[in-house]
Amino acid sequence: MSADTVTNHPTGQPSSASPGRLLGLDLARGLAVLGMFAAHVGPAQDEDGPIGLAAQFAHGRASALFAMLAGVSLALIAGRSPRVGRDGRQAAARIALRALVLLAAGSALTALDTPVAVILAYYGVYFLLALPLARLAAGPLAAAALGWALIGPQLSFVLRTGLEARDWTGPLTALDPIAHLSGEGLLALLLTGSYPALTWMPFVLAGMALGRLDLTAPRVRSRLAATGAALIAVGYGGAWLACRLVPANVNWWDGPEDGTVDTSQPAGLLTAAPHSGTTFEILGALGVALSILVACTALLARRPSVGASLPVASVVAVGALSLSVYVGHIVLIEALGGEQLPDSPALLLAGFSALALALAWGWTRRFRRGPLETALHRATLLARFVR
């Protein structure tokens, strides 16, 4: 899900003049993919010790980082200084084509009915919703992300309450051809699913704002690091304080990972639980995602030689092939039995990660793009005919 402009030579070296910036993005994206491995096949969050703590950290935050980096990719496609005229129309067409392909691919993966809540179809919706904002500068995009984070969860709660009170959810889903094909239709993608656009668009918009900035500039990174720390404090600290001040039978850090707050428990809006879709969770997870991206770009900007080391280069390769690796791990989960995965989650996670790191590193030594990245790129070549 990297942008078309983030490509590698067969040697694996970046083709851009800003390798630290692009490798930093791919390093963060690779960490997000591995974090989702931990959430999907790793140990339970309540397991004691560092493994359980790592699994708990990955839940909700890895996918948030993934979504934020999708926004960065959108900004790279649209141009750091947004393209205008025919170039701008072609960029918009590439984004729209990419959205449709991801919507179709995500729906097909969802139809496999694995235990994984597949995010790709949601990506397609995010991209389409982001199109009207693709030419905004960093400031307005950041403001839109913050405003959406403050309003979206509450609006979602009100809308879902109304749908349930009128019993409209079932009839609307019954009329949706996407829901018939995959079991997850437009209503779920927009409002009621695991990653609904109404509560996940702030991650994408924030990523688009980041894509307009020069992440190679130390001053920019310093400000972003401070912003990330502030968001973490407001998100997780705010949830902790709210749950202490307001009598509620909820834990600020824990709850059902359904993507939305249960309409029968409005106090859930005060939590920052993973995949709760609250304002506090969005702000906290966005702060974590931003901090990880800043750390990755700063590391490779200050110590470029680190990027050539095998461990880091392997994670970068996973990030460069994120679509192929993401789809591949879901297909592998299905091949291993889906819900009936082997009972050694730590070993399973280690095996999934080692396989992805080795295959991705080997592939990027020889090829410019991953197999599914190539297919997605070719699908968007139709944008050349836009005038």
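Side notes on the structure shown:
- Residue ID - surrounded by the fewest Cβ atoms within 10 Å (Cβ to Cβ), chosen from residues in segment 259-274 that are touching a Ser or Thr at 6+ places or on another chain (Cβ under 7 Å) and in a loop (DSSP other than H, G, I, E, B): T263
- Here A117 clears all of (1) touching a Ser or Thr at 6+ places or on another chain (Cβ under 8 Å); (2) in a helix (DSSP H, G or I); (3) open to solvent by 10 Å² or more (accessible area, probe 1.4 Å); (4) under 28 Å from S324 (Cβ atoms) except the condition numbered (2).
- Segment 332-387 - residue that is farther than 19 Å from I51 by Cβ and either touching a Cys at 6+ places or on another chain (Cβ under 6 Å) or aromatic (F, W, Y) (or both) and, of those, surrounded by the fewest Cβ atoms within 10 Å (Cβ to Cβ): F385
- In this structure, L347 does satisfy being in a helix (DSSP H, G or I), more than 20 Å from the chain's Cα centre (by Cα) and aliphatic (A, V, I, L, M).
- In segment 77-92, the count of residues that are open to solvent by less than 60 Å² (accessible area, probe 1.4 Å), at positive phi and in a helix (DSSP H, G or I) is one or more.
- Candidate set: segment 177-195, residues that are assigned to a helix (DSSP H, G or I) and over 16 Å from G277 (Cα atoms); chosen: the one nearest to the chain's Cα centre (by Cα): L186
- Residue match in segment 281-293 (condition: surrounded by fewer than 21 Cβ atoms within 10 Å (Cβ to Cβ), touching a residue at least 60 places away in the same chain (Cβ under 8 Å) and under 23 Å from the mean Cα position of the chain (by Cα)): yes
The values are calculated or read from the model by the stated rules, or taken from the named source; none is laboratory data. No experiment lies behind these values; they were computed from the predicted model shown. Here the Cβ is made from the backbone with ideal geometry for all residues, glycine too, and neighbour counts use every protein chain on show. Surface accessibility is based on the protein's heavy atoms, side chains included, excluding ligands, DNA and RNA. Shrake-Rupley method; radii C 1.70, N 1.55, O 1.52, S 1.80 Å.
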